[in-house]
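Accompanying notes for the structure given below.
The values are calculated or read from the model by the stated rules, or taken from the named source; none is laboratory data. Everything numeric in this text was worked out from a predicted model, so none of it was measured. Here the Cβ positions follow ideal geometry from the backbone for every residue, glycine too, while neighbour counts run over all protein chains shown. Calculation scope for accessible area: heavy atoms of the full protein, side chains included, ligands and nucleic acids excluded. Shrake-Rupley method; radii C 1.70, N 1.55, O 1.52, S 1.80 Å.
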Amino acid sequence: MVPLIAWRNVWRNRLRSLLVALSIAVGLWGGTFFMAVSWGMYAHQLDTVINDQVSHIQVHAPRFRDDDDGRYGIPEADVLLDSIRTDSRVKAATERIVLPGVMVQSTANSAGVSVLGIDPKDEEKVTGLHDRLTDGTYFTGTKSAPMVMGAKLAQKLKIDLRGRTVISFLNAQDSLVAMSFRVVGLYHSGNSALEEGTVYVRREDLARQMHLGTPANEIAVLLTDEKDLDAVQRKMQAMRPDMRVESWKELSPELRLVVDSFSQYTYIFIGIILLALMFGIVNTMLMAVLERTRELGMLMAIGMERRRVFAMVMWETVYMAVIGAPLGMLLAWVSIQVVGRTGIDLTAFAAGLSSYGFDAVIHPALAANFYLEIAGLGIAAAILSAIYPAWKAVRMRPTEALRKI
Amino acid sequence: METPVIETRGLTRTYDADTVPVHAVNGIDLRVEKGEFTAIIGPSGCGKTTLMNMIGGLDEPTAGHVLIDGEDIGHKSANAMIAYRLHHIGFVFQAYNLIPVLTALENVSFVMLLQGVKKRERQQRAQELLASVGLMDKLDKRPNELSGGQQQRVAVARALASRPRFVLADEPTANLDSHSTNDLIDLMAELNRKDNMTFLFATHDQRVIDRARRVVTLEDGRIVKDEKRG
Ligand SMILES: Nc1ncnc2c1ncn2[C@@H]1O[C@H](COP(=O)(O)OP(=O)(O)O)[C@@H](O)[C@H]1O
Ligand SMILES: [Mg+2]
């Protein structure tokens with residue numbers, strides 16, 4: 001009967017109870033929506049970095065990674081590549097010859113870049129480079145060695161399509177090599193660090209000068225489903241214990257950092273919302289308790305135990321939270337669906353964002369479990385904030401309460 | 001001699017006012033036997049409520065003792081005191097007796113719920129009690145749908161629901177018109193006669209005083225007169 005009394009008490013002051021329920025709803029709505037926006041940014045960023053650049057898994061020789069030195073190849077790279085391609089969880093895989101930290105020169109300027117020697121057909125399936133071409137051709141239409149370059153880098157080097165570049169590097173035999181390429185295509189990426197810092201050439205062209213002794217020094221693997229990441233990574237590591245098999249988390253620690261701090265900020269933001277909510281609930285429930293002083297005094301006088309009085313006040317709050325929280329979740333879900341479809345256009349700030357791998361248009365999205373988590377947090381906050389008013393209620397002395405008549 | 005239902009020994013309650021202490025109840029020795037129908041009277045401020053509250057375990061004496069059925073109820077923890085009141089004492093206050101969100105029937109059965117009485121029994125007894133106070137047709141009415149007199153009758157039914165040792169009623173008719181006052185005092189007298197239920201009420205209403213079978217008069221926290229009638 002105590003929950004019943006509490007339920008009816010909720011409806012005694014409808015306006016006030018509705019305001020509490022609504023403030024819970026709006027607070028959680030805001031928090032959830034904010035979370036969805038940051039999740040949308042985060043997901044897009046992950047997407048960009050994984051799909052445009054690092055893929056899910058990469059294999060290198062340990063010294064390649066330790067020294068950032070392209071002269072350490074993967075022995076029998078073809079064998080590993082062929083066997084990993086047979087795994088049904090693997091969407092696509094490719095091998096590359098990568099030269100990190102190389103100088104690329106145009107007639108006007110120079111820049112430090114990574115040179116990726118790729119197999120154009122395979123690369124298409126792994127990083128979709130072809131689809132991101134904004135100008136020119138995909139490694140065709142020239143007799144000399146072709147290069148595909150980020151549009152931003154081309155600007156920096158003041159080079160146009162058909163322009164010539166030279167890269168110079170130490171090959172596996174420790175001799176300095178200079179190679180000349182013709183720019184045939186320009187590409188774009190939502191990730192401007194990639195666009196400014198990576199050029200693509202054909203693996204076969206590099207192989208001629210590199211004298212690696214193996215077909216590749218990097219294998220990149222794209223999975224169909226991120227959830228298989230650990231399993232496939234373990235399997236590949238077992239296949240080649242001599243190589244270093246790493247996931248995007250290890251390959252792009254800065255991305256991981258951004259992602260982690262994002263969720264931190266999100267929780268801080270939600271924490272602030274919850275604090276504000278709690279403050280409001282404490283106030284409202286205190287008011288509800290104080291204006292019922294005589295009634296509560298009477299209840300304790302006739303023998304209602306304190307724990308029941310306490311429970312009654314708690315129940316009243318819980319009911320309001322249980323009305324407000326799902327309402328907030330519903331509002332959040334609807335708005336996230338709607339805005340998720342149209343997207344939030346941040347073109348005005350896009351220049352800054354894209355260097356972190358962000359796109360200009362954010363599509364808020366949130367997994368179902370977060371809705372539950374936030375609703376749970378909201379209800380927990382409401383329960384927490386009811387404790388003080390409930391405690392106030394049971395601390396009342398019946399005589400004093402009754403005397404207020 | 002039989003153990004009295006209520007006995008106070010040198011009962012004293014002093015309020016520490018800012019200037020001089022107020023001796024609201026000042027050394028009261030009172031014995032109330034089972035089945036008595038007693039009025040405590042006296043001018044406003046003479047200490048009636050303070051005395052009733054101490055007898056009902058709502059307030060603690062500064063000195064002296066309250067014995068219920070020979071047992072000293074002092075030295076109980078606050079929680080134990082709440083439980084004691086629930087099982088042994090019926091209360092009727094001047095106002096705010098009822099839970100506004102519960103119907104008459106629910107209000108009466110609520111105390112039995114607190115006592116742990118089974119639902120079927122609660123229901124039945126609450127109905128019987130409301131029938132005995134003449135409100136059989138108001139079972140499902142909430143307090144704000146009842147007149148002041150009807151509310152006080154529900155309060156009397158509620159006070160009896162817990163099968164208390166006695167009923168304490170502090171100014172139960174203060175908010176009632178004369179017709180309702182007569183009805184309520186008739187009702188209590190009837191319950192007193194029929195069930196031998198002990199009633200102790202504080203009042204300054206002459207109509208109630210006239211019906212009491214014992215009248216204890218207080219002045220400045222002391223008993224100045226104690227007369228038994230008929
Ligand atoms: N909480 C309190 N603090 C100080 N004085 C009080 C308090 N309660 C009652 N008194 C004083 O005690 C005296 C007796 O009050 P009370 O028992 O309410 O009398 P009655 O019920 O007969 O009108 C009065 O002088 C009153 O002012
Ligand atoms: Mg009084």
In square nanometres, what is the average projected area of the Cα convex hull of the range B:112-230?
8.6
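Taking the Cα centre of chain B as origin and charging only Cβ (+1 Lys, Arg; -1 Asp, Glu), how large is the dipole, in debye to the nearest 20?
On the way: 29 positive and 31 negative charges, 150 e Å.
That gives chain B a dipole magnitude of about 720 debye.
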If amide hydrogens are placed 1.01 Å from N in the peptide plane, which non-local residues have theirs closer than 5 Å to the one on A:I344?
A:I362, A:H363
Working from Cα positions, state the angle (0 to 90°, nearest 10) between the long axis of helix B:104-115 and the longest principal axis of chain B.
60
Calculated FRET value between A:E124 and A:E400, using beta carbons and R₀ = 60 Å, to 0.05
0.15
When chain B is treated as a Gaussian network with springs between alpha carbons less than 10 Å apart, the largest mean-square fluctuation among B:A63, B:A80, B:A202 is found at B:A80
Accessible area per residue, 1.4 Å probe, Å², for chain B: what's the number?
44
Accessible area lost on pairing B with A, both sides, 1.4 Å probe, Å² to nearest 100?
2500
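What do you get when you divide the Cα radius of gyration of the range A:57-151 by 2.2 N^0.38 Å, with N the number of residues? Could you put the intermediate results ahead of the total?
Working: Rg = 15.3 Å, N = 95, 2.2 N^0.38 = 12.4 Å.
Normalised Rg, Cα atoms only: 1.23.
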Assigning unit charges at the beta carbon (Lys, Arg +1; Asp, Glu -1) and nothing else, what dipole magnitude in debye, to the nearest 20, does the range A:62-242 show about its Cα centre?
520
Taking Cα atoms, how many degrees apart are the long axis of helix A:368-395 and the longest axis of chain A, rounded to 10 and kept between 0 and 90?
30
Heavy atoms of the protein only, probe of 1.4 Å, neighbouring chains included. What is the accessible area of A:W333 in Å², nearest 10?
130
Reported to two decimal places, what Rg/Rh ratio describes the range B:22-154 when computed on Cα atoms with Rh from the Kirkwood expression?
1.01
Which whole number gives the average count of other chain Cβ atoms within 10 Å of the Cβ atoms across peptide B:54-62?
2
Residue among A:V26, A:L257, B:G45 farthest towards the positive dipole end of the protein assembly as shown, charges placed on Cβ:
B:G45
Considering the options A:G303, A:L277, A:F169, tell which one lies farthest towards the positive end of the dipole of the protein assembly as shown, charges being +1 on Lys and Arg and -1 on Asp and Glu at the Cβ, about the Cα centre.
A:G303
So which of B:K48/B:K119; B:K48/B:K138; B:K194/B:K228; A:K152/A:K235 end up more than 31 Å apart, counting from Cα to Cα?
B:K48/B:K119; B:K48/B:K138; A:K152/A:K235
Rounded to one decimal in nm, the spacing of the 7 Å Cα→Cβ label points at B:T19 and B:A189 is 4.4
Long-range amide H partners of A:K91 with built H, under 5 Å
A:L222, A:L223, A:T224
Alpha-carbon radius of gyration plus Dmax, which is the widest Cα pair, for the range A:62-242 in Å
16.4, 48
Quantify, in whole percent, the carbon and sulfur part of the accessible surface of the protein assembly as shown (1.4 Å probe; protein heavy atoms only).
54
Largest first, how would B:H179, A:H56 line up by accessible area (1.4 Å probe)?
B:H179, A:H56
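Taking each pair of distinct Cα atoms in the range A:255-316 once, what is the resulting Kirkwood hydrodynamic radius in Å? Walk me through the numbers on the way to the answer.
On the way: mean 1/r = 0.0687 Å⁻¹.
One over the average 1/r among Cα pairs gives 14.6 Å for the range A:255-316.
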Radius of gyration and Dmax for chain A's Cα atoms, expressed in Å?
30.8, 102
Net charge dipole size for chain A [Lys, Arg +1 and Asp, Glu -1 on Cβ; Debye, nearest 20]
2260
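Mind checking the mean number of beta-carbon atoms from other chains within 10 Å of the Cβ atoms in B:91-99?
On the way: counts 6, 1, 7, 2, 4, 10, 4, 2, 9.
The per-residue average across the peptide is 5.
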Under the Karplus curve 6.51 cos²θ - 1.76 cosθ + 1.60, θ = phi - 60°, whole-Hz ³J(HN,Hα) for the range A:88-103, x wherever Gly or Pro sits
5, 7, 8, 7, 7, 8, 8, 10, 9, 10, 10, 10, x, x, 10, 8
More than 23 Å apart - percent of Cα-Cα pairs taken over chain B:
47
Could you sort B:E33, A:E254 by their accessible area in this structure, using a 1.4 Å probe and putting the largest first?
A:E254, B:E33
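Based solely on its DSSP helices, what 222 nm [θ] is calculated for the protein assembly as shown when runs of n ≥ 4 H residues each add -39,500 (n - 2.57) and the sum is averaged over all residues, nearest 500 deg cm²/dmol?
Values: 23 runs with 309 residues, N = 635.
The helix contribution divided over the protein assembly as shown gives -15500 deg cm²/dmol.
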Full-extension gain between A:K91 and A:Y267, please, as 0.36 nm times their residue separation minus the C-alpha to C-alpha distance.
59.9 nm
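Computed FRET efficiency, Cβ-Cβ of A:V361 and A:D174, R0 51 Å: what is it to the nearest 0.05? Don't jump to the answer; show the numbers that get you there.
Details: r = 48 Å, r/R0 = 0.95.
Efficiency at R0 = 51 Å is approximately 0.60.
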Given Cα pairs under 8 Å that are at least 6 residues apart, what percent is the relative contact order of the range B:1-61?
33
A:L327 accessible area, nearest 10 Å², 1.4 Å probe?
70
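In Å², and per residue, what accessible area does chain A have when probed at 1.4 Å with the other protein chains present?
On the way: 18400 Å² over 405 residues.
Per residue, chain A has 45 Å² of solvent-accessible surface.
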Determine the percent antiparallel among the DSSP beta bridges restricted to the range A:62-242, to the nearest 5.
75
For the range A:243-251, Karplus couplings with θ = phi - 60° (6.51, -1.76, 1.60), whole Hz, Gly/Pro x
9, 9, 9, 10, 8, 4, 5, 7, 6
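Nearest 0.05, what FRET efficiency do A:E291 and B:L139 give at R0 = 30 Å with Cβ-Cβ as r?
Working: r = 28 Å, r/R0 = 0.94.
Rounded to the nearest 0.05, the efficiency is 0.60.
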Against the longest principal axis of chain A, how steep is helix A:253-290, in degrees 0 to 90 to the nearest 10, with axes from Cα atoms?
10
Explain nothing, just compute: Karplus ³J(HN,Hα) = 6.51 cos²θ - 1.76 cosθ + 1.60, θ = phi - 60°, for every residue of the range B:180-196 in order, whole Hz, x for Gly and Pro.
5, 4, 4, 4, 5, 5, 4, 4, 5, 4, 4, 5, 5, 6, 5, 9, 6
Return, ordered by residue number, the residues of the range A:193-222 whose backbone nitrogen is under 16 Å from a label point located 7 Å along Cα→Cβ of A:A111.
A:193-201
Using +1 at the C-beta of Lys and Arg and -1 at the C-beta of Asp and Glu, which of A:A207, A:L186, A:Y267 has the Cα lying farthest in the positive direction of the dipole of the protein assembly as shown?
A:Y267
